[in-house]
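S.K.: One structure follows; several queries about it will come next.
Throughout, read-outs are computed from the coordinates displayed, never taken from laboratory work. All figures in this text were calculated on a predicted structure; none of them were measured in a lab. Neighbour counts are summed over all protein chains in view; Cβ atoms, including those assigned to glycine, are modelled from backbone coordinates with ideal geometry.
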């Protein structure tokens, strides 16, 4: 029954695989406005900012701000979309793919949507605080207080991103452009999120951004999958819709569902999920969450792409060879379900 | 005599201060092509990538790659410009100013130039390596091997950026938008450059980028001021011109000047330089370098803005209230001196 409903909802989209990847060369793009800014941020005083003689050890820095780059198209026809990357990555996730194809940032723009791309706090162009490292280095703090910061190695990330079960084995039908994997690894950065409070300070920053925009779809991925839900729990103001792509977690179905009933929600998963012990329970718990929201009178759907005949998608499906085809599915869902509250 | 020559070279530009800041609202912008990619990068194997159970400690990561975002205008008329930020900052330097005005990235584009904005290696969207921190944390390396990473505090940065001699005193006639200083501080990030070899791996990456573009002006700032010169010393291929803004250092005038003779060079300084012991010797040594290059038959100029009647510019002159006026001076210099070698 659920499959039949899904098939009805997305029926026009289950076309042959070949048609998923062919795209004509795009023409020029006309931008009404673009730029960048920060949201949030707090001042921190420290006496271990530096160990270099040219830069004072003592002083004030600003951290927890979130970098945002935006572009709005001439002739806007769609609701603004905010793109929120996942673990060990930055806003680069949504830009040009490792094999040089158009990213979702530009594609959504060309379909009439203003696009906001963020770097999570303490990642990319959003500052980290080095003062604990320097405090340990100068003997002012013990070694065990060093910050938790990690990088995901290619080999370990391989299964997390579902390129294959074991590095360098490749799943049959894999759509991620692994010939360009060296370019993908360059996108990965060290991750400090484990140091940060819950919710991650990116969440209140997203809330402030959504209210500043005056209505946006929050589109998150993996580690940040939960962030739009946490944002809605702070306030649904400005949250016109939620698209959570392969979230590491969905909200607890037994929690207060009030905020989630007020917002149209789509949770999207790629292929091979059931083969991976890391991923199968996540899909399952997102289904339970969506069912609970729907039962409570809200609108929450889970779409696993194989259910509508789309096979071979990795965890990094915004970079897979059929990425624009998947973008079209999301745009259709937005067009049908999201009302811009501008 | 030098002043007379400068006045002749930039004569049309010494207009009243009021005209420096008024700009009409820009219309739509048509982009022929945009996107992002990385240049360079090397693989590092480590057994201390992580201290978290969910992410393997052992594996391979990629570091030393340089993030590049580019936009090319429809109807390109100018040589490509590559924007290289300075210490403790990222490519954000060249984007929307702290008080919300257009950045040089978009302004140059609107004047017909393809624009490339980079994040230096180990900064912003260009990955750092956390493995030494985790090696110390797990007792595999001693504390004194912790990486050198620092942040510039607001108070110390105040005099470095020449907002005033002492925080929070402001120099008379200051053009930096200090009412928006809180937004500026959010641009600053921790800096790992002191860990890296000389030349910084950003330099060979700039060389590869310049050759890939097939001719670009390398426009650097402060810490990166020397990078275009170091790039030219590797190879002048692709280096169509150098604009070094307030460099921390110019090349030694007694070094081999061959590479610098082959490229048109402009070194730009703002106001108040002679009042600051950090800055005055830098301007002086850049003058000696430019004189040596010119004497050897090259084309190298130093322009200190007060010499042509432009007063009040800080070290962050690409964000000062007359930033677009200064951009026009640079574009005029490019138009006169740089031939695209495409």
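S.K.: Measuring from a point 7 Å out along Cα→Cβ, what nm distances, shortest first, does residue B:212 have to its partners in the other copies?
M.R.: Label point to label point, same position, other copies: 3.0 nm.
S.K.: For segment B:48-97, what value does the Rg/Rh ratio take when both radii are computed over Cα atoms and Rh is the Kirkwood radius, given to two decimals?
M.R.: Rounded to two decimals, Rg over Rh is 1.20.
S.K.: Still on this structure, please answer the following. Would you kindly state how much longer the chain becomes between residue A:110 and residue A:234 on full extension, computed as 0.36 nm times their sequence separation minus their alpha carbon distance, in nm to one decimal?
M.R.: Extra length from residue A:110 to residue A:234 when fully extended: 41.5 nm.
S.K.: Compute the FRET efficiency between residue B:143 and residue B:167 as 1/(1 + (r/R0)^6), taking r as their Cβ-Cβ distance and R0 = 30 Å, and round to the nearest 0.05.
M.R.: It comes out at approximately 0.45.
S.K.: Would you mind giving the mean number of other chain beta-carbons within 10 Å of the Cβ of each residue in A:41-51, as a whole number?
M.R.: Across the residues of A:41-51, the mean count of other-chain Cβ atoms within 10 Å is 4.
S.K.: Within a 10 angstrom radius of each residue's Cβ in A:177-188, how many Cβ atoms of other chains show up on average? Whole number is fine.
M.R.: Average neighbour count from other chains, rounded to a whole number: 4.
S.K.: Still on this structure, please answer the following. Which order results if A:299, B:45 are arranged by neighbouring Cβ count within 10 Å, fewest first?
M.R.: Starting with the residue having the fewest Cβ neighbours, the order is B:45, A:299.
S.K.: Report, in degrees rounded to the nearest 10, the 0 to 90 angle that the Cα long axis of helix A:280-295 makes with the longest principal axis of chain A.
M.R.: Tilt relative to chain A: about 70 degrees.
S.K.: To the nearest 10 degrees, how steep is helix A:202-213 against the longest Cα principal axis of chain A, on a 0 to 90 scale?
M.R.: Once rounded, one gets 60 degrees.
S.K.: Among DSSP beta bridges lying fully in chain A, give the percent that are antiparallel, nearest 5.
M.R.: 50 percent
S.K.: Give the percent of DSSP beta bridges with both residues in the protein assembly as shown that are antiparallel, rounded to the nearest 5.
M.R.: 50 percent
S.K.: Once you wrap a convex hull around the alpha carbon atoms of segment A:2-337, what is its projected area averaged over all directions, in nm²?
M.R.: If you wrap the Cα atoms of segment A:2-337 in a convex hull and average its projections, you get 18.7 nm².
S.K.: Sorted from shortest, what are the nm distances separating the label point of residue A:255 from equivalent points in the other copies, each placed 7 Å from Cα along Cα to C-beta?
M.R.: 5.6
S.K.: Return an integer: the convex hull volume of the alpha-carbon atoms of segment A:125-198, in Å³ per residue.
M.R.: Measuring per residue, one finds 147 Å³ for the Cα hull of segment A:125-198.
S.K.: Still on this structure: Restricting to DSSP H runs of at least four residues, report the calculated mean residue ellipticity at 222 nm for chain A, -39500 (n - 2.57) per run over all residues, nearest 500 deg cm²/dmol.
M.R.: Estimated from H runs of four or more residues: -7500 deg cm²/dmol.
S.K.: Still on this structure: For chain A, modelled as a GNM with alpha-carbon contacts under 10 angstrom, which of A:92, A:33, A:261 fluctuates the most?
M.R.: A:33
S.K.: Then there is this: When N is the residue count of segment A:192-342, what does its C-alpha Rg come to as a fraction of 2.2 N^0.38 Å?
M.R.: For segment A:192-342, the normalised Cα radius of gyration is 1.00.
S.K.: Something else now. When A:150, B:37 are ordered from fewest to most other Cβ atoms inside 10 Å of their Cβ, what list results?
M.R.: B:37, A:150
S.K.: Separate question: Answer rounded, prolate or oblate for segment A:97-167, using the Cα gyration tensor with square roots of eigenvalues a ≥ b ≥ c: rounded when a/c is under 1.5, else prolate when a/b is larger than b/c, else oblate.
M.R.: In terms of gyration-tensor shape, oblate.
S.K.: Against the 2.2 N^0.38 Å scaling, with N counting residues, where does segment B:254-342 land? I'd like the Cα-based Rg ratio to two decimal places.
M.R.: Rg over 2.2 N^0.38 Å, computed on Cα atoms: 1.16.
S.K.: Just to verify a number: FRET efficiency for residue A:22 and residue A:182, C-beta to C-beta distance, R0 = 30 Å, to 0.05?
M.R.: Calculated value: 0.75.
S.K.: Peptides A:320-333, B:217-230: what's the order by average Cβ count within 10 Å, highest mean first?
M.R.: So the order, starting with the most tightly packed, is B:217-230, A:320-333.
S.K.: For residue B:234, which inter-copy label distances result when the label point lies 7 Å beyond Cα on the Cα-to-Cβ vector, reported in nm to one decimal and in ascending order?
M.R.: 4.1
S.K.: log10 I(q)/I(0), Debye, Cα-only the protein assembly as shown, no solvent, q = 0.06, 0.11 Å⁻¹?
M.R.: After summing over all Cα pairs, the log10 values are -0.34, -1.14.
S.K.: Now for a separate question. For chain B, set up a GNM with springs between Cα atoms under 10 Å and report which of B:164, B:215, B:241 has the largest fluctuation.
M.R.: Highest fluctuation among the options: B:164.
S.K.: Something else now. What are the radius of gyration and Dmax of segment B:131-246, computed over its Cα atoms and given in Å?
M.R.: For segment B:131-246, the Cα-based Rg and Dmax read 18.6, 54 Å.
S.K.: Quick check: residue separation of residue B:332 and residue B:212 times 0.36 nm, minus the Cα distance between them. What number comes out in nm?
M.R.: Going from the current span to full extension adds 40.7 nm.
S.K.: I've got another one for you. Note the angle between two axes, namely the Cα long axis of helix B:323-337 and the longest principal axis of the Cα atoms of chain B, as a number of degrees from 0 to 90, rounded to the nearest 10.
M.R.: The two axes meet at around 80 degrees.
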